[in-house]
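Worksheet: one structure, shown below.
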Amino acid sequence: MLVIRPLQQEDLEDLYAMAQNAGKGLTTLPADRDVLQRKINLAQETFNQRCAPEAGLYLFALEDTEAGKAVGISGIQARVGLDEVFYNYRLSVTVNASKELGVHVRTPTLHLSNDMTDTSEICSLLLSEDYHGGGNGLLLSRSRFMYLDEFRKHFSEKVFAEMRGVSDEQGQSPLWDALGSKFFDMKFSEADRLSGLGNKAFIAELMPKYPIYLPMLPDAARAVISRVHGSTAPALKMLQAEGFNFNGMVDIFDGGPVVEAFVHTIRTVRDSINRYAMVSQENVSLDVATAERVMVSNRSFRDFRVTTVPANCVGTETISLPQAVAEALKIETGDLVRIAPLKDQAHAAVKAAG
């Protein structure tokens, strides 16, 4: 069984192995045990409410209970830009005109911005290659929105995600080569590594503060602005299906797009319902198509857990759960649980039950 739960201390080696296999460009999860250990420690402090709410880092693991290991991770940063400045470039248009000369020029421009300060970020989505497919990525991503909805007071009304921008197999970024490298004598892969180690603000503060006129950049650099890396395209598609849209901001290093949504408009949030759990001793087959499954969460702040069950388990007031699922979610008969569609086809089943 695959279950979403808070990241734990014993997940370090599994997390490190996933980070090693992720390749270059996954800034928030570098293959560095010390950094990953600090993230685990902060996540534990967050779930145990031993840090300020705005400083919280909520990291969730996807656990294969049969294999006894973490096979995926996803997260929510409660607020960005409070302990150090958070930078993006805003893509806009600068207009220059002269009536006398009959000239009207529109120039696409990048402006350094801190507009995402104090906003919640969904981040750190990573799934082991052996578990791609079968709706596992959907579960890993969409379960976060159930948590956001359940504990809204800990997060901002608007949430965003920085998508990984374009870089090649050697870790070369066209935008960094044309812009960032002119101010730092280092390759993109090194800047990206330092960013993952927590030095992004330091690098950003040395970037040019004046507008960047895109026609002055090479064609290769302009072509990748607001585009995502090939491996990130499925994650972007999932977010777009949830109602996230490009907000005109891009990453200062690789030009990857920033997408955002208000919590109450996210599809998983809008379509979620509550039901009372009825634990059944009967054997219920959980091996159904992805399109016929729904997510079920236990609504716990400290030990949040989510797994999937067949949509036909959902009734008008209750949801019937096998004993094994109830134990995995740490719930009993009579507990109120939250239910949300896993895949688009399951939305109709949840709405019918509602």
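Quick note: the coordinates plus some simple rules give every number you see, no bench work behind them. As the structure is a prediction and not an experimental result, all values here were calculated from the model. All Cβ positions, glycine included, derive from the backbone under ideal geometry; neighbour counts span all protein chains shown.
Between N41 and A241, what length in nm is gained on full extension when 0.36 nm per residue of separation is reduced by their alpha carbon distance?
That works out to 68.8 nm of additional length.
Could you work out [θ]222 nm for the chain from helices alone, using -39500 (n - 2.57) per DSSP H run of at least four and dividing by all its residues? Round to the nearest 500 deg cm²/dmol. Write down the numbers at each step before the final one.
Values: 11 runs with 91 residues, N = 354.
Rounded to the nearest 500, it is -7000 deg cm²/dmol.
At a 10 Å Cβ-Cβ cut-off, how would you order T109, T65, T308, fewest neighbours first?
T65, T109, T308
Determine the dipole magnitude for segment 204-354: charges of +1 sit on the beta-carbon of Lys and Arg, -1 on that of Asp and Glu, nothing else is charged, the reference point is the Cα centre, and the result goes in debye to the nearest 20.
The dipole magnitude comes to about 260 debye.
Could you tell me whether the chain comes out rounded, prolate or oblate from its Cα gyration tensor? Rule is a ≥ b ≥ c as square roots of the eigenvalues, rounded for a/c under 1.5, then prolate if a/b exceeds b/c, otherwise oblate.
The shape class here is prolate.
Would you mind checking segment 309-323 for residues with the amide N under 15 Å from a putative spin-label position 7 Å along Cα→C-beta of N283?
Flagged as within label range: 322-323.
Taking the beta-carbon count within 10 Å as an exposure proxy, list Y276, Y131, Y210 from fewest neighbours to most.
Lowest count first: Y210, Y276, Y131.
Give a quick list of GluC sites (Glu not before Pro) in segment 27-100 that DSSP marks as loop, anything other than H, G, I, E or B, with at most 14 other Cβ atoms within 10 Å.
Those satisfying the criteria are E66, E84, E100.
If the chain between M1 and R270 were fully stretched, how many nm would it gain, using 0.36 nm times the residue separation less the Cα-Cα distance?
Numbers: separation 269, 0.36 × 269 = 96.84 nm, distance 2.66 nm.
Taking 0.36 nm per residue and subtracting the Cα distance, the gain is 94.2 nm.
Among K182/K209; K158/K187; K237/K343; K39/K330, which pairs are too far apart, with a Cα-Cα distance over 22 Å? List each step's numbers first, then the result.
Working: K182/K209 14 Å; K158/K187 34 Å; K237/K343 13 Å; K39/K330 25 Å.
In this structure, K158/K187; K39/K330 lie more than 22 Å apart at Cα.
Just to be sure I understand the model, the point goes 7 Å from the Cα along the line to the Cβ. What's the resulting A220 to D34 distance in nm?
Simple spin-label model gives 3.4 nm for this pair.
Along segment 246-252, what does the Karplus equation 6.51 cos²θ - 1.76 cosθ + 1.60 (θ = phi - 60°) give for ³J(HN,Hα), rounded to whole Hz, x for Gly and Pro?
4, 9, x, 9, 9, 5, 6
Sticking with the crude label model, points 7 Å out along Cα→Cβ, report the distance from M186 to V103 in nm, one decimal please.
4.0 nm
Count charges around P174 for me, please; just the other residues with Cβ under 12 Å from its Cβ, Lys/Arg as +1, Asp/Glu as -1.
That works out to -2.
Given DSSP loops and a limit of at most 15 other Cβ atoms within 10 Å, what is the longest stretch of the chain that contains no such trypsin sites (Lys or Arg not before Pro)?
Value returned for the longest uninterrupted segment is 100-208.
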